[in-house]
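Below: one structure, written as structure tokens.
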Amino acid sequence: MARAEVAAPDAPRWMVDAQDVHKRYGRDEVLKGISLQVPAGEVLCLIGPSGSGKSTFLRCINHLEKIQSGRIEVDGEPIGYRQRGDLLFELPEREVCRQRARIGMVFQRFNLFPHQTVLQNILEAPLHVKREPRPQALERALALLERVGLADKAAAYPNHLSGGQQQRVAIARALAMQPKLMLFDEPTSALDPELVEEVLAVMRDLADDGMTMIVVTHEMAFARDAGDRVAFIDGGVIVESGPPGEVLMRPRHDRTRGFLSRLLSQARVA
């Protein structure tokens with residue numbers, strides 16, 4: 001049970017509305033009061049050092065991690081909880097799964113089922129979670145494979161694909177559920193450098209189509225070019241956020257400047 005912050009009756013609705021989110025693992029407080037709002041159609045890029053809480057926050061949005069206090073709403077609905085008065089009570093897993101069906105997530109590792117073909121991987125959730133008619137789900141799956149440039153790989157198995165191809169299948173699989181929101185957790189970090197761009201191209205295409213996206217990334221060029229807003233997280237708090245040109249080119253805080261300077265130094269060494 002988490003204590004809710006009761007929104008004012010005339011408060012605007014956001015695709016994501018996080019208020020004073022705290023998350024602990026034992027005595028280690030990873031998120032120390034994260035608050036942010038994401039309107040529909042925005043691409044928000046979360047940047048920051050490893051261990052800063054970025055991925056944890058992303059996993060809290062779809063209740064893969066449970067928060068200790070605060071609240072997170074997606075499209076006006078508390079995620080993982082039902083509100084009674086000023087308290088939030090945790091939903092049963094079946095209801096949480098229903099909520100997650102509206103939130104696509106792409107992980108660092110591709111998490112494809114190795115014993116299933118590419119097409120079977122994409123069809124799995126629409127057929128068995130949403131109970132869609134097979135012809136409808138199949139038509140969408142094939143269209144998504146075309147969209148991510150893998151129309152000729154429907155019968156292939158994941159271990160016959162490159163890492164970039166597997167990640168594009170993972171994106172298609174998430175889109176097959178027709179989500180309102182897409183979450184990306186370092187989607188290119190496990191890829192060889194030459195494969196990164198093919199995944200980022202698919203993500204840029206989604207951004208151009210108006211998909212609401214929250215992207216944890218170290219790809220500063222993507223954040224600059226595709227992001228509507230960048231938030232720098234360090235030590236479990238949002239240090240600063242704003243348009244990419246401001247946060248990445250003219251950061252206000254020493255912590256942000258230090259992080260970006262280290263990234264630049266590492267890129268020069270590489």
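The values are calculated or read from the model by the stated rules, or taken from the named source; none is laboratory data. No experiment lies behind these values; they were computed from the predicted model shown. Cβ placement follows ideal geometry from the backbone for every residue including glycine, while neighbour counts extend to all protein chains displayed. These accessible areas exclude ligands, DNA and RNA; they are computed on the full protein's heavy atoms, side chains included. Shrake-Rupley method; radii C 1.70, N 1.55, O 1.52, S 1.80 Å.
Details
- Length released on extending from Q178 to A201, taking residue separation times 0.36 nm less the Cα-Cα span: 6.3 nm
- Reachable lysines, given that their alpha-carbon falls under 17 Å from the alpha-carbon of K180 and they are not under 8 places away in the same chain: K130
- From the C-alpha gyration tensor of the chain, square roots of 5λ in Å: 29, 26, 16
- Contact order normalised by residue count of the range 123-190, Cα under 8 Å, 6+ apart, percent: 37 percent
- Modelled spin-label separation between V237 and H128, with each label point placed 7 Å from Cα along the Cα-to-Cβ direction: 4.5 nm.
- Note on the range 158-197: along the principal axes its Cα atoms extend 30, 21, 13 Å, ordered by decreasing extent.
- Segment Q68-N111, extension gain: residue separation times 0.36 nm, minus the distance between their alpha carbons: 12.7 nm
- Nearest-0.05 FRET efficiency for D228 and R13, computed from C-beta distance (R0 25 Å): 0.90
- Net length gained if the chain between E29 and D86 were fully extended (0.36 nm per residue, minus Cα distance): 18.2 nm
- Contact order for the range 76-151, expressed relative to its length and based on alpha carbon pairs under 8 Å spaced 6+ residues apart, stands at 16 percent.
- Per residue solvent-accessible surface (Å²) - the range 89-174, probe of 1.4 Å: 52 Å²
- Sparsely packed loop sites in the range 162-270 (the chymotrypsin sites (Phe, Trp or Tyr not before Pro) outside DSSP H, G, I, E and B with at most 15 other Cβ atoms within 10 Å) do not occur.
- Between R71, R13, R134, the GNM of the chain built on Cα springs shorter than 10 angstrom shows R134 fluctuating the most.
- At an R0 of 30 angstrom, the distance between the Cβ atoms of S261 and D208 translates into a FRET efficiency of 0.45.
- Of the DSSP H helices in the chain, those whose Cα atoms cover at least 15 Å axially and whose Kyte score averages 0.0 or more: 118-128, 193-208
- The range 22-125, accessible surface, carbon-and-sulfur percent (1.4 angstrom probe): 48 percent
- Residue-level accessible surface for H63, protein heavy atoms, 1.4 Å, Å²: 10 Å²
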